[in-house]
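Worksheet: the structure to be examined is printed underneath.
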Amino acid sequence: MLGKRIKKMRTAAGFSQDTLAKNLGIAQNTLSGYETDSSMPNYDMVEKIAAFCEFEVIFIDKNSAESI
């Protein structure tokens, strides 16, 4: 599930896997693993990916729909 969101951010920002990976300082196959959910990035990496793609990480309370 997280992998689909990472891929969506990357493609919406217009980056190839190779370009985004180089800018994040990781290998392309590491980013590919994140996108296919075969490996999980830590929270800091998720924030770094989101920021580079001009997205932000937001948590939503399912009970109140409040953004955290």
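The values are calculated or read from the model by the stated rules, or taken from the named source; none is laboratory data. Just so you know, these numbers come straight off a predicted model, no measurement behind them. Glycine also receives a Cβ, built like all others from the backbone with ideal geometry; neighbour counts cover every protein chain displayed. To get the accessible areas, we keep the full protein, side chains included, count just its heavy atoms, and leave off ligands, DNA and RNA. Shrake-Rupley method; radii C 1.70, N 1.55, O 1.52, S 1.80 Å.
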First in the stretch 24-48 and at positive phi, second anywhere and surrounded by 14 or more Cβ atoms within 10 Å (Cβ to Cβ), Cβ under 7 Å, 6 or more apart: Asp37/Gly3
Answer with yes or no whether Ser32 is surrounded by fewer than 17 Cβ atoms within 10 Å (Cβ to Cβ) and either outside any helix (DSSP H, G or I) or basic (Lys, Arg) (or both). no
Taking Thr19, is it among the hydroxyl-bearing types (Ser, Thr, Tyr), over 14 Å from Leu2 (Cα atoms) and at pLDDT 95 or above? yes
Could you list all residues from the stretch 52-68 that are open to solvent by 100 Å² or more (accessible area, probe 1.4 Å) and not in a loop (DSSP other than H, G, I, E, B)? Ile60
Kindly list, by first and then second residue, each pair from a residue in the stretch 1-17 that is more than 10 Å from Asp37 (Cβ to Cβ) to a residue that is open to solvent by 50 Å² or more (accessible area, probe 1.4 Å) and hydrophobic (A, V, I, L, M, F, W, C), limited to pairs with Cβ atoms under 6 Å and residues at least 6 apart or on different chains. Met9/Phe55
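Quick one: would you say Tyr43 is open to solvent by less than 70 Å² (accessible area, probe 1.4 Å) and either of a type in the set (S, T, N, Q) or within 14 Å of Leu2 (Cα to Cα) (or both)?
Working: open to solvent by less than 70 Å² (accessible area, probe 1.4 Å): no; either of a type in the set (S, T, N, Q) or within 14 Å of Leu2 (Cα to Cα) (or both): yes.
For Tyr43, the condition - open to solvent by less than 70 Å² (accessible area, probe 1.4 Å) and either of a type in the set (S, T, N, Q) or within 14 Å of Leu2 (Cα to Cα) (or both) - is not met.
If you take the residues of the stretch 1-29 that are under 9 Å from the mean Cα position of the chain (by Cα) and among the charged types (D, E, K, R), which of them is least open to solvent (accessible area, probe 1.4 Å)? Explain how you work it out, then say what you get.
Residues of the stretch 1-29 under 9 Å from the mean Cα position of the chain (by Cα): 2-10.
Remaining after also requiring among the charged types (D, E, K, R): 4-5, 7-8, 10.
On the way: Lys4: 159, Arg5: 140, Lys7: 101, Lys8: 144, Arg10: 24 Å².
Selected residue: Arg10.
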